[in-house]
Amino acid sequence: MRRILMVLMLALSPITGSAQERGLEEAAEEARQAWFAHDAAGLVAESPRLLVQLPGADPSVALGPAQAAALIGDFFSSAQEVETAVRAAREVEPGRGYVELQRRYRVAGTQDVRVQSLLLGYRRGPSGWLLVELRVVG
């Protein structure tokens, strides 16, 4: 009996681990889609408070979703997305996740394609992964 329980525990443990990763990967894909569509409200909708750091600006204090969406929306306004891709999504410690997106975009009025990395910090909440930090670098 004990042997059967051990076999069951070993067989089920990869399922549990992959479910956690899959949840963060789904959050990463949702963030990618929201960024590409310039849906700032959708990007931060579930966030209770969010730290935002944009190029050329000091990091913000923790903002509520409406303030964060307005700040990110202003940042979007001068660009046209070409491609946004998930580069990484991993749980770095229990309940804390990290997502890296790569953004290719054009500044309005130009044809030059530029590249930036988006670093997203997540915390696991009762309803899933919550975005708590957004940094745009590069």
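Leu71 versus (1) loosely packed, with under 14 Cβ neighbours inside 10 Å; (2) touching a Ser or Thr at 6+ places or on another chain (Cβ under 8 Å); (3) closer than 18 Å to Leu43 by Cβ: which is the lone unmet condition? Looking at each condition in turn, Leu71 falls short on (1). Within the stretch 63-79, residues that are farther than 15 Å from Gln53 by Cα have Cβ atoms under 9 Å from residues that are assigned to a helix (DSSP H, G or I) in these pairs: Ala66/Ala41; Ala66/Val44, counting only partners at least 6 apart in sequence or on another chain. Filtering the stretch 80-117 to residues that are hydroxyl-bearing (Ser, Thr, Tyr), farther than 18 Å from Gln33 by Cβ and in a strand (DSSP E or B) leaves only Tyr98.
Is it fair to say Ala45 is surrounded by 11 or more Cβ atoms within 10 Å (Cβ to Cβ), hydrophobic (A, V, I, L, M, F, W, C) and at pLDDT below 95? The answer is yes for Ala45.
Considering only the stretch 76-85, how many residues are surrounded by 15 or more Cβ atoms within 10 Å (Cβ to Cβ) and in contact with a helix residue (DSSP H, G or I) (Cβ under 8 Å, 6 or more places away or on another chain)?
2
Would you be able to say whether some residue in the stretch 118-132 is part of a strand (DSSP E or B), among the hydroxyl-bearing types (Ser, Thr, Tyr), touching an Asp or Glu at 6+ places or on another chain (Cβ under 7 Å) and closer than 20 Å to Glu29 by Cα? No.
The values are calculated or read from the model by the stated rules, or taken from the named source; none is laboratory data. All values reported here derive from a predicted model rather than from experimental measurement. Because the Cβ atoms are built from the backbone with ideal geometry, glycine has one as well, and the counts that use them run over all protein chains shown.
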